[in-house]
Structure formats: structure tokens, C-alpha cells
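Novice: If you scroll down you'll find the structure; I have some questions about it.
The values are calculated or read from the model by the stated rules, or taken from the named source; none is laboratory data. None of these values were measured; they are calculated from a predicted model. All Cβ positions, glycine included, derive from the backbone under ideal geometry; neighbour counts span all protein chains shown.
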Amino acid sequence: MSLSQNQRLAASEIPNIFKRGGKGTLGGIVIHAAPNRGPCFRLAVIVSSKVEKRSVKRNLLRRRTKEIVRSFSPRMRAGYDVVLVLRATPISFTALKGHIEHLLRKLHIIE
């Protein structure tokens, strides 16, 4: 199951989050987060072609990352915009999940 339409960030909103949000980095993962006025969290995942040349692999990374964040959604605080940037190829699904959870805790987005 994917994220609902109101949980997705528009591409035009991403630069604002980079400017006004907090940032956490671990390995090849960077999370930018900023509060919003909405009732739920919103997410954007960025995977550069430098990470993976083939779009099929990039989309797979994007889908897996969204699924990981969606699994944390019951514990996430409402009212945050989150941009997750993958800068390096993740080691495994469980390692990726652990890194994302650590960063979300560091930024006080999940309890």
C-alpha cells in the first residue's frame, strides 16, 4: 500500500523544507524535516541517478523507503514535512530501516 495523496509532498515544496527545516545524516541517508500546519505528516523521497543508474533500481529504493516510513506512520507526530534523500546505495532493507528510524528519532518525529 502506498502513501495517500495528502501524505505526499509536491516537488515545488521541497526547496522550502531544505531552507527552513532541521537535518539529520547517517551513512548515505539525509533527512530534512520541517513543521507544517497540516493534520498529518507529508513525505518526499529523493534518489539521485548517481546512487543508481537504472531507473528501475531507483524506483525500487524509493518504494522500499516509502514503505519503511509508512510502517512508522502510527508512531509519527502529525504536522511534519519530511524529505528523505538517499545519497549512497543502502546495505540492506533492515539496515535502511534502522538508519531511518534512528534519524526520525533524532529529529523527534517519532516517539
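Novice: Quick test for you: out of ALA78, ALA95, pick the one residue that is among the aliphatic types (A, V, I, L, M), on the phi < 0 side of the Ramachandran plot and not in a helix (DSSP H, G or I). First the steps, then the outcome.
Specialist: Numbers: ALA95 fails: not in a helix (DSSP H, G or I).
Among ALA78, ALA95, only ALA78 is among the aliphatic types (A, V, I, L, M), on the phi < 0 side of the Ramachandran plot and not in a helix (DSSP H, G or I).
Novice: So, in the stretch 92-111, of the ones that are free of Cβ contacts under 8 Å to residues at least 60 places away in the same chain and closer than 13 Å to THR65 by Cα, which residue ends up surrounded by the most Cβ atoms within 10 Å (Cβ to Cβ)?
Specialist: First, the residues of the stretch 92-111 that are free of Cβ contacts under 8 Å to residues at least 60 places away in the same chain: 92-95, 97-98, 101, 105, 108, 110-111.
Filter once more, so that each one left must be closer than 13 Å to THR65 by Cα: 92-95, 97-98, 101.
Details: SER92: 8, PHE93: 12, THR94: 10, ALA95: 11, LYS97: 18, GLY98: 14, GLU101: 16.
Selected residue: LYS97.
Novice: Follow-up question, since we're still on this one. Please verify whether SER49 is part of a helix (DSSP H, G or I) and at pLDDT 85 or above, treating the condition exactly as stated.
Specialist: Working: part of a helix (DSSP H, G or I): no; at pLDDT 85 or above: yes.
No: the conditions fail for SER49.
Novice: A further question on this structure: Quick one: ARG75 ticks every box in (1) touching a residue at least 24 places away in the same chain (Cβ under 8 Å); (2) surrounded by 15 or more Cβ atoms within 10 Å (Cβ to Cβ) except a single one, so which number is it?
Specialist: Unmet condition: (2).
Novice: Could you check the stretch 6-63 and list, in sequence order, the residues that are within 13 Å of the chain's Cα centre (by Cα) and at positive phi?
Specialist: none
Novice: Checking the condition farther than 20 Å from GLU13 by Cα, out of contact with any Cys (no Cβ under 7 Å at 6 or more places or on another chain) and not acidic (Asp, Glu), which residue from ALA44, ALA33, ALA88 passes? Give the steps one after another, and end with the answer.
Specialist: Numbers: ALA44 fails: farther than 20 Å from GLU13 by Cα; ALA33 fails: farther than 20 Å from GLU13 by Cα.
Exactly one residue qualifies, and that residue is ALA88.
Novice: Looking for something at pLDDT below 90, exposed (fewer than 15 other Cβ atoms within 10 Å of the Cβ), among the aliphatic types (A, V, I, L, M) and not in a strand (DSSP E or B) - is there at least one such residue anywhere in the stretch 4-24?
Specialist: Among the residues of the stretch 4-24, at least one is at pLDDT below 90, exposed (fewer than 15 other Cβ atoms within 10 Å of the Cβ), among the aliphatic types (A, V, I, L, M) and not in a strand (DSSP E or B), which makes the answer yes.
Novice: Pairs needed: first member in the stretch 41-58, crowded, with 17+ Cβ neighbours inside 10 Å; second member anywhere, aromatic (Phe, Trp, Tyr); C-beta distance under 9 Å; at least 6 residues apart or different chains.
Specialist: PHE41/TYR80; ARG42/TYR80
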